[in-house]
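**Q** Next up is a structure, given as structure tokens.
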Number of protein chains: 2
Amino acid sequence: MEPTSVKKLSRETNHFLDKKVRIEGWVRTLRVSKSFGFIEINDGTFFGNLQIVFDEGLDNFLDVAKLTISSAICVEGTLVESPRAKQPFELKAEKVEIVGLCAPDYPLQKKRHTFEFLRTIAHLRPRTNTFSAVFRVRSILAYAIHKFFQDKGFVYVHTPIITSSDCEGAGEMFRVSTLDLCNMAKDETGNVNFAEDFFGKETSLTVSGQLAVETYSMAFKNVYTFGPTFRAEKSNTPRHAAEFWMIEPEIAFADLSDDMHLAEEMIKYVINYVLENAPEEMAFFHNFIDKTLLERLENVVNSDFGQITYTEAVDILKKSGVPFEYAVDWGKDLQTEHERYLTEEVFKKPVFVTGYPKEIKAFYMRLNDDHKTVAAMDLLVPGVGEIIGGSQREERLDVLVKRMEELGLKTEDYWWYLDIRRYGGTKHAGFGLGFERVLMYLTGMTNIRDVISFPRTPKNAEF
Amino acid sequence: MEPTSVKKLSRETNHFLDKKVRIEGWVRTLRVSKSFGFIEINDGTFFGNLQIVFDEGLDNFLDVAKLTISSAICVEGTLVESPRAKQPFELKAEKVEIVGLCAPDYPLQKKRHTFEFLRTIAHLRPRTNTFSAVFRVRSILAYAIHKFFQDKGFVYVHTPIITSSDCEGAGEMFRVSTLDLCNMAKDETGNVNFAEDFFGKETSLTVSGQLAVETYSMAFKNVYTFGPTFRAEKSNTPRHAAEFWMIEPEIAFADLSDDMHLAEEMIKYVINYVLENAPEEMAFFHNFIDKTLLERLENVVNSDFGQITYTEAVDILKKSGVPFEYAVDWGKDLQTEHERYLTEEVFKKPVFVTGYPKEIKAFYMRLNDDHKTVAAMDLLVPGVGEIIGGSQREERLDVLVKRMEELGLKTEDYWWYLDIRRYGGTKHAGFGLGFERVLMYLTGMTNIRDVISFPRTPKNAEF
């Protein structure tokens, strides 16, 4: 008999009621009395479990009654209405096939476990309610992002992971090499001879695909990357991982205002998509992880995002009288406490901050006419602070070269990046969105280690 | 005035005819006479160009007449019917704004360039017809793969890129490290002290996400990965790159037959999706890259894929009388020439070969009852040979451990992989699909360097 799924039973219940069905899945709970019992089975296709009712009419009643948690079983029976179960239906078993009996030392027994403990069994934690919800929402969110951009005609570009250029000096990088560490190739001057390395030069893992994808925006107009990026920073915080995924759209014939419009549209789209396509998971997060979640997300979806300049923001923060831990001063970067004050207390909704001092932003951001600030934008959201950082790019070759020289960057290393200003360049803009940051925002999960399947952090690359 | 796109004009021509529109894009060709001229503009949203007609009525007629190839312009005017142009309409310009004049040393002038030369300007080549088509199809194909799996309820898993385990010893790996190469940390015995490295142990770039994603199939039943993978092999061939993307679905409660069914369904789906969503690009590939392309793809879509065992295949090849370069012998792997003979001459359609000798396949493949072969499958397609490799996985803990020990693998390094056999394991299967291989198959492009934006190969990590 062809199996069906708990998802189908849940979404098209009337079609299946009083019909014979087959379900394959894993035992989540089992209660048994002398002559009958109940199994909650989860088949992986749906957040909720399906209740199985069985009795001593089964050939193997005694074996079924002794099933251990997480055993794999196949059940055939009739779907019937049930006033008792959490769902309005249950499966009356006619046959229960025991496919894989779970060993009795299974570490995920019914009791509650801490997230810290569950990280040590990252290969098993998606079998729990919380992580089943996290990783299904992760999948749906990734798809929502692709769907948003593809429906708008954006071209998805796989920018390189291994790179010989260092975008914006954005942070510490991991070296990628096949050199023999025990017998290091050296050149005449005693330095490491990267000519001997696999790529014939020093290479690292990318910190951003932006510079590469900018070149593609000059061919396809609207493009985006979505791939893994890396930072070798020894930050052991709940918000930093050495390996994470990032989305970077880039739009040509577009300025900072178009960029903010795109960011707002995208954020609202993906929140709506996840709310529509993972209602059970989102209800779970709201009930068990963050009681303000749905209200917070609905506020985002229904707000017109605010907008303020950095200079105005500094004024407001200074006049607020709030005893911030970090002092506010024009020219200094905003800290999370400042960002949260602006979005949570002042605007009470998401807000774009624009026009940051050029000194605290990257070389490629477009210089404003005041020659002091750049056409940058950060999107701040309640509960988190910054969630998106973007800018209009400097398309004027002379201004860009001057800025790079001020910062001591070697322009010859960026020949191809400068080329796209020489050859039919036009105004363009883009932003970066940390995928895990958005996922945390959408689920209420507060540690990045709990939204990545097998997280990589300092001193940890287990599994 | 709000811009529109050449794609919209092409797909909804009647809606726009005789209306005023604005187009932003880049000059592909320009022909000019004393009092009027034609520009073919490409705006990146569509494979085809739009013809602009302009005359000396323009304020800046003399400047427009001198526009260089690839200059960025914005044009406003009326869309009118045109019997002359390739498309049945053209844009009668009322205003041409010159946004970015292309420098005269632009390396992509109208003459034909070799693919080899274009690789040296990988940042500009998407502006050519061929690479515009390649990279738009790449994007559409990537989306088709996500859509196929998401519509079937599969959960997308981002398996780690940085890994401390070596899947199947599949090939040479790149080391990922932050150790100081000039001043190498050594332990007491003089070996490299990886305890000092970022992750506290030796780590590499992944060669496959399979082992990790298998653990998730035991929670979600149907899962897939789609991400970059790496091989540090010094193969300078048209079919090998050091960095490429791979798709790896994994399905639980499923055997080899289910696996083949999924592979066949997926291949047909993505071909149909690309044919439907990139008709202009596919016609271009058919006309200019490979005259057999559309016939070949239609044959795949309309065939029931064949199936044959490895043992039968060896028999057929031996009896064929064909003077193969490599001898055929039971126990040896099939070479591309053998694979192509089977699919092109014998079956004349895609064919699955199953039941390979265990010695030439990976440790995790399920041992058949003959104890000599494993439940592996390779999908061979005309024109290429192998395009997919998959297997049913060994779910029997004792058989798996015995096989690992035979091969000298340390079972303690795979504790989490073995755990999923202990804790409610069930039969499961999956396959791997090289994304660029499929893209080459779909486009007729014959060098992997021409389907990757910025390819990484031995001694080459430019851009």
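**Q** Taking each pair of distinct Cα atoms in the protein assembly as shown once, what is the resulting Kirkwood hydrodynamic radius in Å? Please report the intermediate quantities before stating the final value.
**A** Values: mean 1/r = 0.0333 Å⁻¹.
Final number for the Kirkwood radius of the protein assembly as shown is 30.0 Å.
**Q** List the longest stretch of chain B that has no exposed loop site; here a site is one of the GluC sites (Glu not before Pro) assigned by DSSP to anything other than H, G, I, E or B, with at most 13 other Cβ within 10 Å.
**A** On the way: sites that count: B:GLU12, B:GLU56, B:GLU188, B:GLU325.
Value returned for the longest uninterrupted segment is B:326-463.
**Q** Cα gyration tensor of segment B:116-198, axes a ≥ b ≥ c as square roots of the eigenvalues: rounded (a/c below 1.5), prolate (a/b > b/c) or oblate?
**A** Judged from the Cα gyration tensor, segment B:116-198 comes out oblate (a/c at least 1.5, b/c at or above a/b).
**Q** Show log10 I(q)/I(0) for segment A:231-300 at q = 0.14, 0.23, 0.29 Å⁻¹, two decimals, from a solvent-free Debye sum over equal Cα scatterers.
**A** -0.71, -1.01, -1.14
**Q** Here is a follow-up. Between copies, how far apart are the A:ASN60 label points? List them in nm, one decimal, shortest first, with each point 7 Å from Cα toward Cβ, please?
**A** 7.8
**Q** Follow-up. Express the carbon and sulfur contribution to the solvent-accessible surface of chain A as a percent, rounded to the nearest whole number, probe 1.4 angstrom. Could the numbers behind the result be given before it?
**A** On the way: 8880 of 18450 Å².
On chain A, the fraction of accessible area on carbon and sulfur atoms equals 48 percent.
**Q** Go through segment A:413-463 and name the trypsin sites (Lys or Arg not before Pro) that are in a DSSP coil and have 16 or fewer other Cβ atoms within 10 Å of their Cβ.
**A** Those satisfying the criteria are A:LYS459.
**Q** What nm distance separates the two modelled labels at B:LEU62 and A:PHE36, each placed 7 Å from Cα along Cα→Cβ?
**A** Here the modelled spin labels are 9.7 nm apart.
**Q** Averaged over peptide A:450-463, how many Cβ atoms belonging to another chain are found within 10 Å of each residue's Cβ?
**A** Details: counts 0, 0, 2, 10, 11, 1, 9, 2, 4, 6, 5, 14, 7, 11.
Neighbouring Cβ atoms belonging to other protein chains average 6 per residue here.
**Q** Just to confirm, what accessible area per residue do you get for chain A at 1.4 Å probe, in whole Å²?
**A** I get 40 Å² per residue for this part.
**Q** If you don't mind, another one. Could you give the spread of the C-alpha atoms of chain B along their three principal axes, from largest to smallest, in whole angstroms?
**A** 84, 60, 45
**Q** OK, next. Under 8 Å for C-alpha pairs, at least 6 residues apart: give me the relative contact order for segment B:6-100, rounded to a whole percent. Before the final figure, lay out each step's value.
**A** Values: 198 pairs, mean separation 28.5, N = 95.
Rounded, it is 30 percent for segment B:6-100.
**Q** I'd like the interface area for chains B and A: accessible area of each alone minus the complex, both sides summed, 1.4 Å probe, protein heavy atoms only. What is it in Å² to the nearest 100? Don't jump to the answer; show the numbers that get you there.
**A** On the way: alone 23020 and 22990 Å², together 36910 Å².
The B and A chains share an interface burying roughly 9100 Å².
**Q** Another question, if that's okay. Compute the Cα gyration tensor for segment A:169-254, then decide on rounded, prolate or oblate, letting a ≥ b ≥ c be the square roots of its eigenvalues: rounded whenever a/c is under 1.5, prolate when a/b is larger than b/c in the other cases, and oblate in all that remain.
**A** It comes out oblate by the Cα gyration axes.
**Q** Indicate the gyration tensor shape class of segment A:178-322 (rounded, prolate or oblate), computed on the Cα atoms with a ≥ b ≥ c the square roots of the eigenvalues: a/c under 1.5 is rounded; otherwise a/b larger than b/c is prolate and the rest oblate. Walk me through the intermediate numbers first.
**A** Values: a/c = 1.99, a/b = 1.80, b/c = 1.10.
Because a/c hits 1.5 or more and a/b exceeds b/c, segment A:178-322 counts as prolate.
**Q** Here's something else I'd like to know. List, shortest first and in nm to one decimal, how far the label point of A:ASP369 (7 Å from Cα along Cα→Cβ) is from its counterparts in the other copies.
**A** When each copy's label point is compared with this one, the spacings are 8.3 nm.
**Q** Between A:LYS410 and A:VAL322, what is the label-to-label distance in nm when each label sits 7 Å out along the Cα-to-Cβ direction?
**A** Label at A:LYS410, label at A:VAL322, 4.4 nm between them.
**Q** Could you check how many percent of all C-alpha pairs in segment A:105-148 are farther apart than 13 Å? Display every interim value, and only then the final one.
**A** Working: 555 of 946 pairs.
Tail of P(r) above 13 Å: 59 percent of Cα pairs.
**Q** Can I ask one more? Determine the shielding of peptide B:151-159 by partner chains: average, over its residues, the number of Cβ atoms on other chains within 10 angstrom of each Cβ.
**A** Averaged over the peptide's residues, the number is 6.
**Q** Loop only by DSSP, 15 or fewer other Cβ within 10 Å of the Cβ. Give me the chymotrypsin sites (Phe, Trp or Tyr not before Pro) in segment A:271-345 that pass, ordered by residue number.
**A** Details: sites: A:TYR273, A:PHE284, A:PHE285, A:PHE288, A:PHE305, A:TYR310, A:PHE324, A:TYR326, A:TRP330, A:TYR341; in loops: A:PHE305, A:PHE324, A:TYR326, A:TRP330.
Here the sparse-neighbourhood loop sites are A:PHE324, A:TYR326, A:TRP330.
**Q** To continue, here is another question. Can you list, bin by bin at 5 Å, the percent of alpha carbon pairs in segment B:96-237, starting at 0?
**A** That works out to 2, 7, 10, 10, 12, 13, 12, 10, 10, 7, 4, 2, 0, 0, 0, in percent per bin.
**Q** Among the lysines, which fall within straight-line cross-link reach of B:LYS332, defined as a Cα-Cα distance under 25 Å, with same-chain neighbours fewer than 8 residues apart omitted?
**A** Result set, ordered by chain and number: B:LYS234, B:LYS318, B:LYS319, B:LYS348, B:LYS349, B:LYS358, B:LYS361, B:LYS372, B:LYS402.
**Q** When each pair of different Cα atoms in segment A:252-347 is counted once in the 1/r mean, what is the Kirkwood radius in angstroms, to one decimal? Before the final figure, lay out the partial values.
**A** Numbers: mean 1/r = 0.0630 Å⁻¹.
Taking the inverse mean of 1/r over all distinct Cα pairs, segment A:252-347 comes out at 15.9 Å.
**Q** So how far apart, in nm, are the two label points at A:ASN129 and A:THR13 if each is 7 Å from Cα heading toward Cβ?
**A** Rounded to a tenth, the inter-label distance reads 1.9 nm.
**Q** Sticking with this one: Say a label goes 7 Å from Cα toward Cβ at B:GLU406 in every copy; what distances in nm does this one have to the rest, shortest first?
**A** 6.8
**Q** Let me ask something additional. Considering amide H positions built from the backbone, and no H for Pro or chain starts, which residues 5 or more places from B:ILE52, or on another chain, come under 5 Å of its amide H?
**A** Here the answer is B:ILE39, B:GLU40, B:ILE41, B:LEU91, since their amide H atoms fall under 5 Å of that of B:ILE52.
**Q** Turning to a different aspect of this structure: Evaluate the relative contact order of segment A:22-159 (contact order divided by residue number), counting alpha-carbon pairs under 8 angstrom at least 6 apart; express in whole percent.
**A** Values: 197 pairs, mean separation 25.5, N = 138.
Contact order relative to length: 18 percent.
**Q** At a Förster radius of 41 Å, what calculated FRET efficiency corresponds to the Cβ-Cβ distance of A:ALA283 and A:GLU337, to the nearest 0.05?
**A** Details: r = 31 Å, r/R0 = 0.76.
After rounding, the FRET efficiency stands at 0.85.
**Q** OK, next. If one takes the longest principal axis of the Cα atoms in chain B, at what angle in degrees, from 0 to 90 and to the nearest 10, does the Cα axis of helix B:279-288 lie?
**A** Its long axis makes an angle of about 90 degrees.
**Q** Counting other Cβ atoms within 10 Å, which trypsin sites (Lys or Arg not before Pro) in segment B:104-174 have at most 12 and lie in a DSSP loop?
**A** B:LYS110, B:LYS111, B:ARG112
**Q** If each residue of separation counts as 0.36 nm, what is the full-extension length gain between A:GLN109 and A:THR311 once their alpha-carbon separation is subtracted?
**A** On the way: separation 202, 0.36 × 202 = 72.72 nm, distance 5.47 nm.
My answer for the length gained is 67.2 nm.
**Q** For segment A:1-139, report the translational diffusion coefficient in µm²/s to the nearest whole number, using Stokes-Einstein at 37 °C, 0.692 mPa s, and a Kirkwood Rh over Cα pairs.
**A** Numbers: Rh = 15.6 Å.
It diffuses with D of about 211 µm²/s by this estimate.
The values are calculated or read from the model by the stated rules, or taken from the named source; none is laboratory data. Keep in mind that this is a model prediction, so the values were computed, not measured. Virtual Cβ from ideal backbone geometry, glycine too; neighbours counted across all protein chains shown. Each accessible area value is taken on the protein alone, full model and side chains, heavy atoms only, with ligands, DNA and RNA left out. Shrake-Rupley method; radii C 1.70, N 1.55, O 1.52, S 1.80 Å.
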